[in-house]
Amino acid sequence: MWIKRRKDWELPESAATPEHVYLNRRRFMQIAGGGAVIGAGALVLPQRMQAQTETPPDPTAELYPAAPNPEFAEAGRALTDEEVATTYNNFYEFGSHKQIWRAAQALPTRPWTVTFDGMVEEERTVDIDTLIRAMPLEERVYRHRCVEAWAMTVPWSGFPMAALVDYARPLSSARYVRMQTFEDAEVAPGQEQFWYPWPYTEGLTIAEATNEVAFMVTGLYGRPVPRQNGAPLRLAVPWKYGFKSAKSIVRFTFTDQQPLSFWENLAGNEYGFWANVNPEVPHPRWSQATERLIGTNDEVPTQIFNGYGEQVAHLYPDLSDERYFH
Ligand code: MTE
């Protein structure tokens, strides 16, 4: 999903590499000031290994592996190799390419606080370990389908997002929850790239957030989740394209306004608020009919709602409305 301005002579949509994002012209002009050419491309950012912080061992490590939830004990596919799932990542805060896992080790994940604000009974900020210990931890095997047409199947640990919404005590008038990732360009050099609308934000309706499949992730493969996969707290909404699953979250804001998310803000013509997986609705520049299983040579058909339709299709009353699938 790197940013590049499309030129007329470039490949047609059908031949485009999915891992490219093109700025819409308006945003390009805004950020380029009308003159400069942004050679963002797959810009390899300085690896700040030396900035790696000596964070203490994860204080919740003894909670893993969490008990498997039998409802989600498998996802109809072989698990992705752990090394592949933890070394092939999207985390633009650390670079606009897939090999960010080393750079992400610079993120200090303790101390870490999470704020609940907006339309809640009472705004509060809690320490991540207090939050994790207050939640019913379990393990779920989920598929993950990136909008770039790659996919993985992994055992996440964490807790239902419904439990987090309960904990936050939103007002009944709140209709959405907006999630926000940390912001610290000192450790995350990608955040120095001013043309991105930092911080990374995402949003769900309250009905989506309290659906049984929406899951807050704190662990992966029976251990605390690694930084590159979104430590210490990320979202997993596997019926939606992967960009909805925000990483390293610090704030949940309850609101009655539909939140504007990071990618929607950057390229709203390509990435919408709903972003439900649908093989029949192509991305403007590539097909979504199939997906590549990372770590294998397999290319398999994509399923509507990434196979979670039974649990989530009722959230979207009019499935012929293409708006739900961008
Ligand atoms: N969250 C933040 N904060 N920054 C990101 O760049 N990338 C998203 C999502 N969450 C992203 C993010 C995208 S595009 C995908 S596909 C998934 O994270 C990738 O998750 P993984 O690296 O654990 O596979």
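The values are calculated or read from the model by the stated rules, or taken from the named source; none is laboratory data. Since the model is a prediction, treat every value here as computed from it, not as a measurement. Virtual Cβ from ideal backbone geometry, glycine too; neighbours counted across all protein chains shown. Remember, those area values only see protein heavy atoms, side chains included, never the ligands or the DNA or RNA. Shrake-Rupley method; radii C 1.70, N 1.55, O 1.52, S 1.80 Å.
Going by what's in this entry, would I294 be described as within 12 Å of the ligand (Cβ to nearest atom), surrounded by fewer than 20 Cβ atoms within 10 Å (Cβ to Cβ) and at pLDDT 95 or above?
Taking the combined requirement at face value, the residue satisfies it.
So is S248 under 14 Å from the mean Cα position of the chain (by Cα) and near the ligand (Cβ under 9 Å from one of its atoms) or not? Show your work before the answer.
Numbers: under 14 Å from the mean Cα position of the chain (by Cα): yes; near the ligand (Cβ under 9 Å from one of its atoms): yes.
For S248, the condition - under 14 Å from the mean Cα position of the chain (by Cα) and near the ligand (Cβ under 9 Å from one of its atoms) - is met.
Given the criterion within 30 Å of S287 (Cβ to Cβ) and charged (D, E, K, R), identify the matching residue among R143, R133, R110, R102. Steps first, answer last, please.
Numbers: R133 fails: within 30 Å of S287 (Cβ to Cβ); R110 fails: within 30 Å of S287 (Cβ to Cβ); R102 fails: within 30 Å of S287 (Cβ to Cβ).
So the residue among R143, R133, R110, R102 that is within 30 Å of S287 (Cβ to Cβ) and charged (D, E, K, R) is R143.
Restricting to strands (runs of 3 or more DSSP E) lying wholly in the stretch 125-185: which have 1 or more residues that are modelled with pLDDT of 95 or more and over 18 Å from V217 (Cβ atoms)? Walk me through it before giving the result.
Numbers: elements: 138-145, 150-160, 176-181.
Output list reads 150-160, 176-181.
Report, by residue number, each residue of the stretch 190-236 that is more than 10 Å from the ligand (Cβ to nearest atom), β-branched (V, I, T) and open to solvent by less than 10 Å² (accessible area, probe 1.4 Å).
Within the stretch 190-236, V213, T218 qualify.
Can you give me the number of residues within the stretch 54-83 that are within 26 Å of F182 (Cβ to Cβ), within 14 Å of the ligand (Cβ to nearest atom) and open to solvent by 40 Å² or more (accessible area, probe 1.4 Å)?
2
Within the stretch 191-293, which strands (runs of 3 or more DSSP E) (wholly inside it) include 2 or more residues that are closer than 18 Å to A313 by Cα and either touching a residue at least 12 places away in the same chain (Cβ under 8 Å) or in contact with a Lys or Arg (Cβ under 8 Å, 6 or more places away or on another chain) (or both)? Please lay out each step first, then the result.
Values: elements: 201-205, 215-220, 234-236, 249-255, 290-293.
The qualifying strands (runs of 3 or more DSSP E) are 201-205.
Among the residues of the stretch 157-173, are any open to solvent by less than 10 Å² (accessible area, probe 1.4 Å) and within 9 Å of the ligand (Cβ to nearest atom)?
no
Out of the residues in the stretch 124-137 meeting the condition of being open to solvent by 30 Å² or more (accessible area, probe 1.4 Å) and not basic (K, R), tell me which one is nearest to R77 (Cα to Cα). Please lay out each step first, then the result.
Of the stretch 124-137, the ones open to solvent by 30 Å² or more (accessible area, probe 1.4 Å) are 124-125, 127, 130, 133-134, 136-137.
Subsequent filtering for residues that are not basic (K, R) retains 125, 127, 130, 134, 136-137.
On the way: T125: 38, D127: 36, T130: 34, A134: 32, P136: 26, L137: 23 Å.
It comes out as L137.
Name the residue, out of F262, F243, that is within 12 Å of the ligand (Cβ to nearest atom), at pLDDT 95 or above and in contact with a Ser or Thr (Cβ under 6 Å, 6 or more places away or on another chain).
On the way: F243 fails: in contact with a Ser or Thr (Cβ under 6 Å, 6 or more places away or on another chain).
From the options F262, F243, the qualifying one is F262.
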